[in-house]
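The values are calculated or read from the model by the stated rules, or taken from the named source; none is laboratory data. Just so it is clear, the model here is predicted, and its values are computed rather than measured. Cβ placement follows ideal geometry from the backbone for every residue including glycine, while neighbour counts extend to all protein chains displayed. Ligands, DNA and RNA are excluded from the accessible area calculation, which covers all protein heavy atoms including side chains. Shrake-Rupley method; radii C 1.70, N 1.55, O 1.52, S 1.80 Å.
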Amino acid sequence: MNVIAIVFFYLVLQMCFVWMIYRLLKNPSVVDASWSMGLMLSGLIYLGSMPITPRTTVIGGLLILWALRLAGYLWYTRIYQGHIDKRYTELSNNWKINQSLGFFLNFQLQGLLIFSISLIFYWISHSNNDSLTLMDGIAIGMVIVGVIGETVADLQLYQFKKRYKGGVCNIGLWNYSRHPNYFFDWLTWLGFTVFAFQSDKGYLGILSLLVLYLIFTQITGPLTERGSVQSRGQKYLDYQKQTSMFFPWFK
């Protein structure tokens, strides 16, 4: 079976499993933690479908680092602490079908998005380079900065919420972007895109980067901000006016 088809059917099964966990825990936020794991395992399937080289080993290691860090953070803050994301509550309240079926279809749709983003590792795996190049060094730097930046942003938000419940987090990286965690996640993927550029037709990896950007700026970001406006009112509206949405920038 073609490796792309294998990844596709794997993600269908993963989302079925995630849906069963949701049914057990009654917390749809489990799907958020599954995103990075789905991308990690899909990427490793692509990388493992070709002969293992020092280059693919490094790329696979970076992918694992990014995925486990993010999945662990989301599991702790949402699943372990029993937090139900208001985005899913708002979303499911507008459905005209059974909620359980609605989340099953929603999870499968998210699996399809994971599939489209993970294709970047198909192009990476088809590179003719066995060893690391100068461009790979640039890509490694982007991924590392992305992982560190996202970690710092997540910790700053987590600590702020513990100290100032109901406040608008505008400290540290959140002073320069309303979603620095999303930006640095995207920067990590920009690094993987640079890895893909060295493969035949690797420029198609830009599509994965574009899909992720659209998810952050047109779906996840607006949904999150709508909830923030409802819960924090004018304080968040002022924050929106003063602070860049995605790319970090000065006030």
Restricting segment 180-228 to residues that are open to solvent by 10 Å² or more (accessible area, probe 1.4 Å) and aromatic (Phe, Trp, Tyr), the residue that is nearest to Ser127 (Cα to Cα): Phe197
Positions within segment 221-251 being touching a residue at least 60 places away in the same chain (Cβ under 8 Å) and either closer than 18 Å to Ile117 by Cβ or hydroxyl-bearing (Ser, Thr, Tyr) (or both), in sequence order: Thr224, Ser228, Ser231, Tyr236, Tyr239, Thr243, Ser244, Phe246
Listing of helices (runs of 4 or more DSSP H) fully contained in segment 77-169 that carry 3 or more residues being acidic (Asp, Glu): 134-163
Qualifying residue in segment 120-134 (condition: more than 21 Å from Arg87 (Cα to Cα), open to solvent by 40 Å² or more (accessible area, probe 1.4 Å) and without any contact (Cβ under 8 Å) to a residue 24 or more places away in the chain): yes
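Taking only segment 170-216 into account, find how many residues are touching a residue at least 12 places away in the same chain (Cβ under 8 Å), part of a helix (DSSP H, G or I) and either hydroxyl-bearing (Ser, Thr, Tyr) or touching a Cys at 6+ places or on another chain (Cβ under 6 Å) (or both).
5
Based on this model, can you work out whether Gly172 counts as within 22 Å of the chain's Cα centre (by Cα) and on the phi > 0 side of the Ramachandran plot?
Taking the combined requirement at face value, the residue satisfies it.
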Qualifying residue in segment 13-23 (condition: closer than 30 Å to Gln230 by Cβ and without any contact (Cβ under 8 Å) to a residue 12 or more places away in the chain): yes
Count of residues meeting criterion [without any contact (Cβ under 8 Å) to a residue 12 or more places away in the chain and at positive phi] in segment 148-169: 0
Residues that are at pLDDT 95 or above and either open to solvent by 60 Å² or more (accessible area, probe 1.4 Å) or in contact with a Lys or Arg (Cβ under 8 Å, 6 or more places away or on another chain) (or both), drawn from segment 45-65: Thr57, Ile64, Leu65
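Working only within segment 78-102, note down all residues that are touching a residue at least 24 places away in the same chain (Cβ under 8 Å) and more than 20 Å from Leu39 (Cα to Cα). Don't jump to the end; show me each part of the working.
As a first pass, look at segment 78-102 and keep what is touching a residue at least 24 places away in the same chain (Cβ under 8 Å): 78-79, 82-88, 90-92, 100.
Gly82, His83, Ile84, Asp85, Lys86, Arg87, Tyr88, Glu90, Leu91, Ser92, Ser100, listed by residue number.
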Residues located in segment 66-86, provided they are more than 10 Å from Ser29 (Cβ to Cβ) and modelled with pLDDT of 90 or more: Trp66, Ala67, Leu68, Arg69, Leu70, Ala71, Gly72, Tyr73, Tyr76
Flag if Pro28 is surrounded by 19 or more Cβ atoms within 10 Å (Cβ to Cβ) and part of a loop (DSSP other than H, G, I, E, B): yes
Single residue of Ile64, Ile59, Ile52 found to be within 19 Å of the chain's Cα centre (by Cα) and over 24 Å from Met15 (Cα atoms): Ile59
Members of segment 225-242 that are touching a helix residue (DSSP H, G or I) at 6+ places or on another chain (Cβ under 7 Å) and closer than 12 Å to Gly167 by Cβ: Ser228, Tyr236
Some residue of segment 102-112 being closer than 19 Å to Tyr182 by Cα, open to solvent by 20 Å² or more (accessible area, probe 1.4 Å) and modelled with pLDDT of 95 or more: yes
